[in-house]
Amino acid sequence: MRKFIVFTILTGIWSISPVLGQNPVFITQQKGPILYFHVANDNVHTTADVYTLSGKRIARVFDKIVSHGDYSFNPFAGSNLPQQMYIVRLTNGTRTESISMMNLGNTSISKSNLNPNQALSAKLAKVASDNKVPTNIPGVFTIAAPPQGFDPVTAKDVDLAYYGFPPRPDSSISPKGFAAWKKGVTLSKTRIMPILKQTNLHYSPMQTTSPNWCGIVAEPHNPFTHAYGDNGCVYYLYGTFMVPVAQQAHGSCTGNWDYGASWLGIDGFFNHPVDLLQSGIAFDAYCNGGVTYTSYYAWYEWVPAAAVSIQNVTITPGDVIWIEVWSTSATEGNVYVSNANTQQSFYIDFQAPPGTQLLGNSAEWITERPLLSNGQLATLTNYTYVPFWDSYVWTFGGSTYPFSDPYGFGINMVDASNNVISKQGLPGENSVVTEAAGPALGGNYFYDPW
């Protein structure tokens with residue numbers, strides 16, 4: 001990944017600044033005369049000096065001990081310097097960041113709400129918008145296939161966004177997390193232009209006593225203290241799972257459909273307000289008079305809206321699916337789904353339902369029985385088991401955290417009689433297995449995937 005970019009601003013100002021980094025102090029953005037910078041550690045002695053283009057130092061304009069956060073200031077505040085180009089150098093004593101900018105006016109020093117990853121996400125969203133193609137549902141977009149030979153692993157962040165690939169994790173923070181992402185984005189050889197269909201199914205936030213969810217929830221500390229885009233909030237998550245065989249409970253043939261789905265999502269656990277952003281694979285089963293049918297399809301959803309299915313993507317039992325879900329604002333969501341068996345993928349960009357805003361308080365890897373159009377929970381498909389692996393969640397602050405306590409906890413699904421009908425277990429790092437149990441499995445059958 002290239003460490004620096006050169007960009008042009010409409011006023012003619014140019015600058016050099018880091019895209020991402022682990023440096024204690026680095027410049028993130030410049031707007032007019034205002035300089036934004038990020039401090040990665042606490043108690044960092046930070047200074048800024050103004051120089052002429054010839055290298056002559058004019059004045060020290062910032063000299064403070066600052067702690068972790070995002071800051072902004074006007075290096076020309078209170079000065080009588082002519083309006084021309086200058087160099088401003090920001091340093092933490094061991095490393096210097098430089099930016100060329102113009103004296104355009106005065107502004108006082110202030111703390112900024114700008115988060116580097118949030119700002120980068122918003123910037124990449126604008127880049128992607130230049131290449132979006134509308135789908136058959138108004139307000140929902142996709143992006144066509146990248147050019148032949150495009151390598152998402154070595155591509156720039158802006159090119160990843162432009163061609164509809166998900167955000168790239170920092171390999172220096174989690175080599176395993178980066179390796180899992182690398183596998184996911186290189187699975188596909190064919191990008192599908194999705195044909196969408198609105199359904200009447202709702203894959204809902206977790207309800208009391210978990211009658212609809214089975215899986216794992218990962219959360220940051222003190223989730224209720226976060227606002228969207230804060231360092232501890234979920235930026236994106238990804239993971240791999242295998243599509244199960246859909247069938248009704250052993251010994252059953254009800255004359256009705258049974259439903260199930262496995263998915264990845266953000267904000268499903270803390271459902272006040274309801275803002276779950278998610279994507280997954282459905283596996284439904286029907287039996288009548290010994291005649292059976294099954295239905296498998298990919299879908300996405302932003303609760304409280306109903307799920308939308310992708311009609312022209314083939315899904316079959318045994319397929320290995322990789323999904324990444326992320327946001328580019330509190331009201332714009334993105335999903336990237338890749339099938340290792342068919343080597344097909346698709347990308348979806350869509351807006352939150354009116355009045356809904358993402359918070360980023362939790363991340364989920366779940367097997368679920370949905371709410372039907374009559375408001376009742378569906379009968380769970382006897383899906384035997386679904387393994388999830390290579391599953392990671394990343395925050396806007398650039399960190400990733402594991403499933404283990406105190407960050408994560410498992411959830412079992414129960415029926416109206418409090419019988420466990422789907423249970424979960426953690427067989428290894430960054431993995432979870434869900435399996436049908438009790439009445440959902442049926443008969444005297446028992447399956448143990450361990």
- All-but-one check, PHE224 against (1) part of a loop (DSSP other than H, G, I, E, B); (2) in the same structural domain as LEU380 (by TED's automatic domain parsing); (3) modelled with pLDDT under 90, failing number (1)
- Task: Working carefully through the options GLY260, GLY280, find the one that is within 16 Å of ILE216 (Cα to Cα), small (Gly, Ala, Ser) and crowded, with 24+ Cβ neighbours inside 10 Å.
- Result: GLY280
- Odd one out for ASP159, checked against (1) part of a helix (DSSP H, G or I); (2) in the same structural domain as ILE266 (by TED's automatic domain parsing): (2)
- Any residue in region 283-299 that is modelled with pLDDT of 95 or more and within 20 Å of the chain's Cα centre (by Cα)? yes
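Would you be able to tell me the number of residues in region 64-90 that are hydroxyl-bearing (Ser, Thr, Tyr), part of a strand (DSSP E or B) and at pLDDT below 80?
Taking region 64-90 as the starting set, the residues that turn out to be hydroxyl-bearing (Ser, Thr, Tyr) are 67, 71-72, 79, 86.
Keeping just the survivors that are part of a strand (DSSP E or B) gives 71-72, 86.
Now restrict to residues that are at pLDDT below 80: 86.
Residues that pass the stated criteria total 1.
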- Go through (1) closer than 18 Å to ILE411 by Cβ; (2) modelled with pLDDT of 95 or more; (3) part of a loop (DSSP other than H, G, I, E, B) and name the single condition THR367 misses. (3)
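Restricting region 15-51 to residues that are assigned to a strand (DSSP E or B) and over 31 Å from the mean Cα position of the chain (by Cα), which is modelled with the lowest pLDDT?
Let us first name the residues in region 15-51 that are assigned to a strand (DSSP E or B), namely 15-18, 25-31, 34-39, 44-51.
Narrowing the set further to residues that are over 31 Å from the mean Cα position of the chain (by Cα) leaves 45-51.
On the way: HIS45: 87, THR46: 86, THR47: 86, ALA48: 85, ASP49: 83, VAL50: 83, TYR51: 78.
Filtering first and then ranking leaves TYR51.
Which of the following residues is surrounded by fewer than 17 Cβ atoms within 10 Å (Cβ to Cβ) and farther than 27 Å from GLN247 by Cβ: VAL274, VAL303, VAL291?
Details: VAL303 fails: surrounded by fewer than 17 Cβ atoms within 10 Å (Cβ to Cβ); VAL291 fails: farther than 27 Å from GLN247 by Cβ.
Result: VAL274 is the single residue among VAL274, VAL303, VAL291 that is surrounded by fewer than 17 Cβ atoms within 10 Å (Cβ to Cβ) and farther than 27 Å from GLN247 by Cβ.
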- Note on the structure: Taking region 412-450 and keeping only residues that are within 14 Å of PHE388 (Cβ to Cβ) and modelled with pLDDT under 90, one is left with GLY425, LEU426, PRO427, GLY428, GLU429, ASN430, PRO449
- Message: Which count do you get for residues in region 399-430 that are over 29 Å from THR379 (Cα atoms) and part of a strand (DSSP E or B)?
- Response: 1
- When SER100 is evaluated against the numbered criteria (1) at pLDDT below 70; (2) in a strand (DSSP E or B); (3) closer than 24 Å to GLY398 by Cβ, which criterion, by number, is the only one it fails? (3)
- Task: Tell me, please, whether a residue that is surrounded by fewer than 23 Cβ atoms within 10 Å (Cβ to Cβ), assigned by TED's automatic domain parsing to the domain that holds VAL245 and over 26 Å from LEU120 (Cβ atoms) can be found in region 389-398.
- Result: yes
- Tell me, yes or no, whether region 330-344 has at least one residue that is in contact with a Lys or Arg (Cβ under 6 Å, 6 or more places away or on another chain) and assigned to a strand (DSSP E or B). no
- Item | Search result, residues across region 257-282 that are at pLDDT below 95 and of a type outside the set (A, V, I, L, M, F, W, C) | ASP267, GLY268, ASN271, HIS272, PRO273, ASP275
- Item | Qualifying residue in region 267-279 (condition: part of a strand (DSSP E or B) and more than 22 Å from GLY184 (Cβ to Cβ)) | no
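Just to check your reading of the model, which residue among ASN334, ASN341, ASN361, ASN382 is in contact with a Pro (Cβ under 6 Å, 6 or more places away or on another chain), of a type outside the set (Phe, Trp, Tyr) and either assigned by TED's automatic domain parsing to the domain that holds VAL303 or crowded, with 19+ Cβ neighbours inside 10 Å (or both)? Walk me through it before giving the result.
On the way: ASN334 fails: in contact with a Pro (Cβ under 6 Å, 6 or more places away or on another chain); ASN341 fails: in contact with a Pro (Cβ under 6 Å, 6 or more places away or on another chain); ASN382 fails: in contact with a Pro (Cβ under 6 Å, 6 or more places away or on another chain).
Result of the check over ASN334, ASN341, ASN361, ASN382: ASN361.
Taking the condition within 17 Å of the chain's Cα centre (by Cα), within 24 Å of PRO402 (Cβ to Cβ) and touching a residue at least 40 places away in the same chain (Cβ under 8 Å), does SER210 pass?
Working: within 17 Å of the chain's Cα centre (by Cα): no; within 24 Å of PRO402 (Cβ to Cβ): yes; touching a residue at least 40 places away in the same chain (Cβ under 8 Å): yes.
Judged against the criteria, SER210 is not a match.
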- Task: Looking for whichever is more than 30 Å from PHE403 (Cβ to Cβ) and either in a loop (DSSP other than H, G, I, E, B) or out of contact with any helix residue (DSSP H, G or I) (no Cβ under 6 Å at 6 or more places or on another chain) (or both) here; the options are PRO152, PRO146. Which one fits?
- Result: PRO146
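I'd like to check something: does region 179-191 contain any residue that is farther than 22 Å from VAL320 by Cβ, surrounded by 14 or more Cβ atoms within 10 Å (Cβ to Cβ) and among the small types (Gly, Ala, Ser)? Walk me through how you get there before you give the answer.
Restricting attention to region 179-191, the residues satisfying the condition of being farther than 22 Å from VAL320 by Cβ are none.
For region 179-191, residues farther than 22 Å from VAL320 by Cβ, surrounded by 14 or more Cβ atoms within 10 Å (Cβ to Cβ) and among the small types (Gly, Ala, Ser): absent.
The values are calculated or read from the model by the stated rules, or taken from the named source; none is laboratory data. Keep in mind that this is a model prediction, so the values were computed, not measured. When we count neighbours, we look across all protein chains shown, and the Cβ atoms used for this are built from the backbone with ideal geometry, even at glycine.
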